[in-house]
1. From the residues in region 227-240 that are near the ligand (Cβ under 10 Å from one of its atoms) and not in a strand (DSSP E or B), which one is nearest to the chain's Cα centre (by Cα)?
2. Restricting to region 172-189, and then to whatever is assigned to a helix (DSSP H, G or I) and crowded, with 21+ Cβ neighbours inside 10 Å, can you tell me which residue is nearest to the ligand (Cβ to nearest atom)?
3. Taking the options 221, 168, name whichever one is closer than 19 Å to residue 278 by Cβ and more than 10 Å from the ligand (Cβ to nearest atom).
4. Could you list, in sequence order, all residues of region 244-256 that are near the ligand (Cβ under 8 Å from one of its atoms) and assigned to a loop (DSSP other than H, G, I, E, B)?
5. Just to check your reading of the model, which residue among 214, 224 is in a loop (DSSP other than H, G, I, E, B) and assigned by TED's automatic domain parsing to the domain that holds residue 115?
6. Would you tally the residues in region 143-169 being at pLDDT 95 or above and crowded, with 19+ Cβ neighbours inside 10 Å?
7. Based on this model, can you work out whether residue 275 counts as within 15 Å of the ligand (Cβ to nearest atom) and at positive phi?
8. Quick one: in region 69-105, which of the residues that are within 12 Å of the chain's Cα centre (by Cα) and away from the ligand (no atom under 13 Å from the Cβ) is nearest to residue 157 (Cα to Cα)?
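The values are calculated or read from the model by the stated rules, or taken from the named source; none is laboratory data. None of these values were measured; they are calculated from a predicted model. Cβ placement follows ideal geometry from the backbone for every residue including glycine, while neighbour counts extend to all protein chains displayed.
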Ligand SMILES: C[S@@+](CC[C@H](N)C(=O)[O-])C[C@H]1O[C@@H](n2cnc3c(N)ncnc32)[C@H](O)[C@@H]1O
């Protein structure tokens, strides 16, 4: 199938995901003959809508993804990933994209909890997220004190974004940000140098400051001072920073990168191994990712995603000798109305490399 055909399928996917009323219109007249009350009609309709729409979505998703003859790897990002559209779409406010229902709030709060011992403001909104968090995390070894600090931190596959190191930045002296795509690294450099037309991270900075009782200008200045390099990386390589060899890091963070960069689970496990090799013994790996996602969209451009399960990730980490300290999951809400991705859940994990 050519690109036009793919575009058509993607549009159809979007159409079906949002057209809840369609099934109702078609089926309501038929149901009137068979149901005794309006309530039972409504119940039956809800059931039909859900099962019809979900099976359509699943079928179309399978077709769309099977038509990606090649997984959209790093090289594809160079020419097709619109860094500015990505940030506008997913990072223009602290809850993230409206279709992804509090994805970003969950991530920022998890990162803040891991790294910051700062003050917390418990608004009604944050309280409900906290409750949600605990409901989904009864097997988590929760640590509330921000007790992680060190000399070096590396963020692998930063994209054009700085949000994943905001809570950590004051606890590490030297921070390296990185990405495969040139355009992403350029956007970060522009922001670090306060160049005209650089991306606006104020809403995200503001949210983290509220969580941690900090001032926006102090946090921004700390981050800009601590980021020492923005490097090219390729997680498919044994040493992702080849030809450079980086000093062992106290902490490696990666967010939404490995599932976007690795076309199969073998590549994913090798990439995880590469990340753990960047850590000193006893160092900390902090990962943010998505479970069960097969694609995401930036504007109308589709990108593939490796479908991951919690068991698969845990097995890979244990296989590398890491001990998992936290594995937090936020299930996706209202999946059938998500037009920009199809993730089943978001995860945030903390794992430690064994000390020698
Ligand atoms: C979904 S974005 C995530 C960006 C950012 N970390 C975030 O959380 O928003 C995926 C990123 O992976 C990067 N990427 C794709 N293939 C890669 C590879 N082989 N090595 C390193 N980064 C890669 C892309 O350039 C893109 O910036």
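1. First pass over region 227-240, keeping only residues near the ligand (Cβ under 10 Å from one of its atoms): 232-237, 240.
Next, only the ones that are not in a strand (DSSP E or B) stay: 233-237, 240.
Details: 233: 18, 234: 18, 235: 17, 236: 19, 237: 22, 240: 20 Å.
Filtering first and then ranking leaves 235.
2. From region 172-189, those assigned to a helix (DSSP H, G or I) are 182-189; that's our starting set.
Next cut, crowded, with 21+ Cβ neighbours inside 10 Å only: 184-185, 187-188.
Details: 184: 5, 185: 9, 187: 10, 188: 10 Å.
Out of the qualifying residues, it is 184.
3. It is 168.
4. If the condition is that a residue be near the ligand (Cβ under 8 Å from one of its atoms) and assigned to a loop (DSSP other than H, G, I, E, B), then 256 is the only one that fits.
5. 214
6. Our first condition is that a residue be at pLDDT 95 or above; within region 143-169, this holds for 150-169.
Remaining after also requiring crowded, with 19+ Cβ neighbours inside 10 Å: 152-169.
Number satisfying all stated conditions: 18.
7. Here the answer is no, as residue 275 does not meet what is asked.
8. Ranking the candidates gives 105 first.
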